[in-house]
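Below: the structure, in structure tokens.
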Amino acid sequence: MRDVDSLVDDLVMEGVIHSPPVERAMRAVRREDFVPGRLRGSAYADHPLPIGGGQTISAPHMVAIMAEELQVEEGNSVLEIGTGSGYHAAVVSHLVGPEGRIISIERVDRLADNGRKNLIISGISNVQVIGADGSGGYPDGAPYDRIYYTCAAPKIPMRVMDQLKEGGVLLGVVGPNGGVQVLIRYRKKDGKIEDEPLMRCVFVPLMGKYGYG
Ligand code: SAH
């Protein structure tokens, strides 16, 4: 059976993972602890898997790409919009280290509870899961060094950009619900927002007030 090391070896060989901290973080998280029991045998296949409620745990290569592109530094304060299974947050939690913290917001209560449980089972204590609509971010925890979406938004509202620190990075997925979307890296520089489209991708939609309803 495939294990986490064979998965990460492949992602390194393919050039998807290229920085040692991301490689270490990906090896440190057992994806099998974040997928439903009956799918455990597929945990190390590189594709998304259903986690209930029409939602999915992202494919490992997508989590690795986003972990590279987010340019996380140890000690960062991070906001994740869309906890899902908690797997992506678990990977980023290793990148921010014990001095860092992640707030992860999930609008489906059952998934928020499940994500919180998965993170505890994995021994991760620097992620706080909030069960609420995160389409407008989470101002109570702002400002953040890094913000990332794990679902596709119609656009990134200014109220979310406002929660980013000067010099901070936001990875957004922008595009139509059910169509091809773009992963975009935004950087706040001298109070202005620079944007850099990175690649095409397909994510589940952001719902809620500033999402797809
Ligand atoms: N990163 C996750 C994958 C999440 S899939 C993982 O590793 O498993 C995207 C998640 O975004 C889904 O769980 C969905 O319920 C959530 N979501 C959609 N709209 C949201 C919103 N407005 N606020 C918070 N979470 C939202």
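The values are calculated or read from the model by the stated rules, or taken from the named source; none is laboratory data. Bear in mind that the values here come from a model prediction, so they are computed numbers and not experimental data. FYI the Cβ positions are ideal-geometry reconstructions off the backbone, even for glycines, and counts take in every protein chain you see. All accessible areas refer to the heavy atoms of the entire protein, side chains included, with ligands and DNA or RNA removed. Shrake-Rupley method; radii C 1.70, N 1.55, O 1.52, S 1.80 Å.
Per-structure values
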| quantity | calculated |
| --- | --- |
| Helix-derived mean residue ellipticity, 222 nm - over the chain, DSSP H n ≥ 4, -39500 (n - 2.57), to 500 | -7500 deg cm²/dmol |
| In the chain, lysine pairs with alpha-carbon atoms under 21 angstrom apart (chain gap of 8 or more, or interchain) | 8 |
| Euclidean distance between Cα centres, the stretch 44-109 to the stretch 168-213, Å | 15 |
| Scaled radius of gyration (Cα, divided by 2.2 N^0.38 Å) that the chain gives | 0.93 |
| Beta bridges by DSSP in the stretch 4-201, antiparallel share as percent, to the nearest 5 | 45 |
| From phi via Karplus (6.51, -1.76, 1.60), per-residue ³J(HN,Hα) for the stretch 61-72 in Hz, x at Gly/Pro | 5, 5, 5, 5, 4, 5, 5, 5, 6, 6, 6, 5 |
| Share of carbon and sulfur in the accessible heavy-atom surface of the stretch 4-201 [1.4 Å probe, %] | 49 |
| Cα long-axis angle, helix 4-13 against the chain (0 to 90 degrees, to the nearest 10) | 60 |
| At R0 = 22 Å, FRET efficiency that the Cβ-Cβ distance of residue 39 and residue 73 yields, to 0.05 | 0.05 |
| Interchain or long-range residues, amide H under 5 Å from residue 210's placed H | 135, 136 |
| Distance between modelled label sites at residue 140 and residue 13, nm, 7 Å Cα→Cβ extension | 4.7 |
| The chain: most fluctuating residue of 97, 82, 37 per GNM, C-alpha cutoff 10 Å | 37 |
| Max mean-square fluctuation residue, GNM over the chain, Cα-Cα springs under 10 Å, options 77, 104, 122 | 122 |
| Selected from 89, 142, 112 as most flexible by GNM, with the chain as the system and alpha-carbon contacts under 10 Å | 142 |
| Residue-span extension gain [residue 194 to residue 209] - 0.36 nm each, minus C-alpha spacing | 2.9 nm |
| Amide H within-cut-off set for residue 129, under 5 Å, with H built and near neighbours excluded | 104 |
| Neighbour net charge for residue 105 - beta-carbon separation under 9 angstrom, K R +1, D E -1 | -2 |
| Theoretical FRET efficiency, 1/(1+(r/R0)^6), r = Cβ-Cβ of residue 5 and residue 158, R0 30 Å, to 0.05 | 0.10 |
| Residues whose placed amide H lies under 5 Å from that of residue 100, excluding near-sequence neighbours | 75 |
| Whole-Hz ³J(HN,Hα) from phi, Karplus 6.51 cos²θ - 1.76 cosθ + 1.60, for the stretch 79-95, glycine and proline x | 10, 10, 9, x, 5, x, 6, x, 4, 4, 4, 4, 5, 5, 4, 6, 6 |
